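Starting off with a structure, shown below.
The values are calculated or read from the model by the stated rules, or taken from the named source; none is laboratory data. Since this is a predicted model, take the numbers as computed values, not measurements. Glycine gets a Cβ as well: all are built from the backbone with ideal geometry, and neighbour counts include every protein chain shown. SASA here: full protein model, heavy atoms, side chains in, ligands and nucleic acids out. Shrake-Rupley method; radii C 1.70, N 1.55, O 1.52, S 1.80 Å.
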Amino acid sequence: MNPIELKKAVGSGLLSFPVTHFDDQLKFDEAKYRRHVEWLAGYDAAALFAAGGTGEFFSLNPAEIPQVIRAAKASAGKTPIISGTGYGTSLAIEIAVAAEKAGADGLLLLPPYLMFAEQAGLIAHVKAVCQSVGIGVIVYNRDNAILSADSIARLAEECPNLIGFKDGVGDVDKVIEITTLLGDRLVYVGGMPTHEVYAQAYFAAGVTTYSSAVFNFVPALAQRFYGALRTGDQATVDEILKGFFFPFVALRNRKKGYAVSIIKAGLRVLGQNPGPVRPPLTDLSQEELALLEKIVQANGVTRIAAE
């Protein structure tokens with residue numbers, strides 16, 4: 001998929017990040033992962049981000065990422081697959097090139113490892129990754145990689161395959177500055193943890209799509225919420241926020257790292273087994289798993305067939 005086609009696809013609907021399945025020895029479980037991606041693709045995701053944040057990109061070694069991408073491409077049908085890449089510039093390029101060879105339709109460039117940097121350094125980093133591949137790149141604005149509007153504008157001018165800006169900071173005024181300055185040059189993606197609780201504010205800022213982690217285990221509910229947002233059905237938006245997302249976020253916030261752990265737990269509640277999270281993350285306790293099950297059941301989501 002060329003960058004222009006990817007940009008159009010990403011902006012056409014709801015996005016999601018499949019979790020990465022592991023076995024009891026914490027090795028990649030390709031068979032279960034492929035079944036999961038195939039299931040998600042049936043719910044009309046505009047694109048799936050394989051080996052992304054919810055997919056535990058940070059715990060995958062560089063050799064595993066192409067394996068995950070090939071498995072996702074083999075199972076997603078026509079749904080575009082966007083690979084995560086990141087860390088330092090050299091390693092980000094290595095991963096990006098390998099993901100492109102594995103069939104990725106695009107890349108999500110996550111923040112570099114640990115270090116904070118000046119805008120000139122961040123620009124050089126993003127530009128180097130974009131120039132290393134021919135597929136489209138979405139830059140993830142968060143943590144130690146917060147780009148200014150001027151920096152994004154410069155990158156958009158110098159990197160034709162930079163097609164998207166994903167925000168995980170939450171400064172809506174800065175997002176408005178970027179969307180106003182760049183217009184339709186980029187596609188804009190909401191990327192806050194459990195972005196649904198921020199989506200209304202981002203929609204007002206011109207960010208009309210986002211990545212939904214809960215799509216992993218409640219895809220129909222996620223699509224219903226997204227549809228209500230797009231059509232201005234405030235009653236349905238409020239109902240789902242109060243009935244599902246607010247109690248879900250309260251449980252997610254109990255411990256660090258649960259933004260990922262709770263998604264795998266959601267699959268367990270529904271009868272699937274994605275395996276544990278890799279250290280340094282920790283899984284939900286049995287008591288927390290029971291609370292999550294109550295939230296899911298209260299919203300009319302039934303168990304799906306076990307593996």
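How many of the residues in the stretch 38-55 are surrounded by fewer than 24 Cβ atoms within 10 Å (Cβ to Cβ) and more than 24 Å from Tyr113 (Cα to Cα)?
Our first condition is that a residue be surrounded by fewer than 24 Cβ atoms within 10 Å (Cβ to Cβ); within the stretch 38-55, this holds for 38-44, 46, 53.
Keeping just the survivors that are more than 24 Å from Tyr113 (Cα to Cα) gives 38-44, 46.
The total comes to 8.
Additional query: Restricted to the stretch 122-141, and to residues that are assigned to a helix (DSSP H, G or I) and among the small types (Gly, Ala, Ser), which residue is farthest from the chain's Cα centre (by Cα)?
So, considering only residues that are assigned to a helix (DSSP H, G or I) and among the small types (Gly, Ala, Ser), the one farthest from the chain's Cα centre (by Cα) is Ala124.
If you don't mind, there's one more thing I want to ask. Within the stretch 57-65, does at least one residue satisfy the condition of being of a type outside the set (A, V, I, L, M, F, W, C), open to solvent by 20 Å² or more (accessible area, probe 1.4 Å) and in contact (Cβ under 8 Å) with a residue 60 or more places away in the chain?
Checked the stretch 57-65: at least one residue is of a type outside the set (A, V, I, L, M, F, W, C), open to solvent by 20 Å² or more (accessible area, probe 1.4 Å) and in contact (Cβ under 8 Å) with a residue 60 or more places away in the chain.
I'm trying to understand the selection: among the residues of the stretch 94-120, which are in contact (Cβ under 8 Å) with a residue 40 or more places away in the chain and acidic (Asp, Glu)?
Passing the criteria: only Asp105.
Let me ask another. Just checking: which of the helices (runs of 4 or more DSSP H) contained wholly in the stretch 187-265 hold 2 or more residues that are out of contact with any Asp or Glu (no Cβ under 6 Å at 6 or more places or on another chain), within 22 Å of Phe165 (Cα to Cα) and open to solvent by less than 10 Å² (accessible area, probe 1.4 Å)?
199-204
Return the pairs, sorted by first residue and then second, in which the second residue is open to solvent by less than 20 Å² (accessible area, probe 1.4 Å) and acidic (Asp, Glu), the first residue lies in the stretch 256-278 and is touching a residue at least 12 places away in the same chain (Cβ under 8 Å), the beta carbons are less than 7 Å apart, and the residues are 6+ apart or on different chains.
Once the first residue is touching a residue at least 12 places away in the same chain (Cβ under 8 Å) and sits in the stretch 256-278, its partners that are open to solvent by less than 20 Å² (accessible area, probe 1.4 Å) and acidic (Asp, Glu) give Val260/Glu56; Val277/Glu56; Arg278/Glu56.
With respect to Asp283, determine if the residue is farther than 15 Å from Thr194 by Cβ, buried (at least 17 other Cβ atoms within 10 Å of the Cβ), of a type in the set (Asp, Glu) and out of contact with any Gly (no Cβ under 7 Å at 6 or more places or on another chain).
Considered against the rule, which asks whether it is farther than 15 Å from Thr194 by Cβ, buried (at least 17 other Cβ atoms within 10 Å of the Cβ), of a type in the set (Asp, Glu) and out of contact with any Gly (no Cβ under 7 Å at 6 or more places or on another chain), Asp283 comes out as yes.
Could you identify the single residue in Ile123, Ile135, Ile81, Ile163 that is open to solvent by 10 Å² or more (accessible area, probe 1.4 Å) and either touching a strand residue (DSSP E or B) at 6+ places or on another chain (Cβ under 6 Å) or closer than 24 Å to Tyr210 by Cβ (or both)?
So the residue among Ile123, Ile135, Ile81, Ile163 that is open to solvent by 10 Å² or more (accessible area, probe 1.4 Å) and either touching a strand residue (DSSP E or B) at 6+ places or on another chain (Cβ under 6 Å) or closer than 24 Å to Tyr210 by Cβ (or both) is Ile135.
Same structure again: Which of the residues that make up the stretch 166-183 are surrounded by fewer than 19 Cβ atoms within 10 Å (Cβ to Cβ) and in a helix (DSSP H, G or I)?
Going through the stretch 166-183, the residues surrounded by fewer than 19 Cβ atoms within 10 Å (Cβ to Cβ) turn out to be 169-174, 176-177, 180-183.
Across the stretch 166-183, the qualifying residues are Val172, Asp173, Lys174, Ile176, Glu177, Thr180, Leu181, Leu182, Gly183.
Right, another one. Which one is surrounded by the fewest Cβ atoms within 10 Å (Cβ to Cβ), of the residues in the stretch 17-31 that are touching a strand residue (DSSP E or B) at 6+ places or on another chain (Cβ under 9 Å) and more than 18 Å from Gly103 (Cα to Cα)?
Phe28
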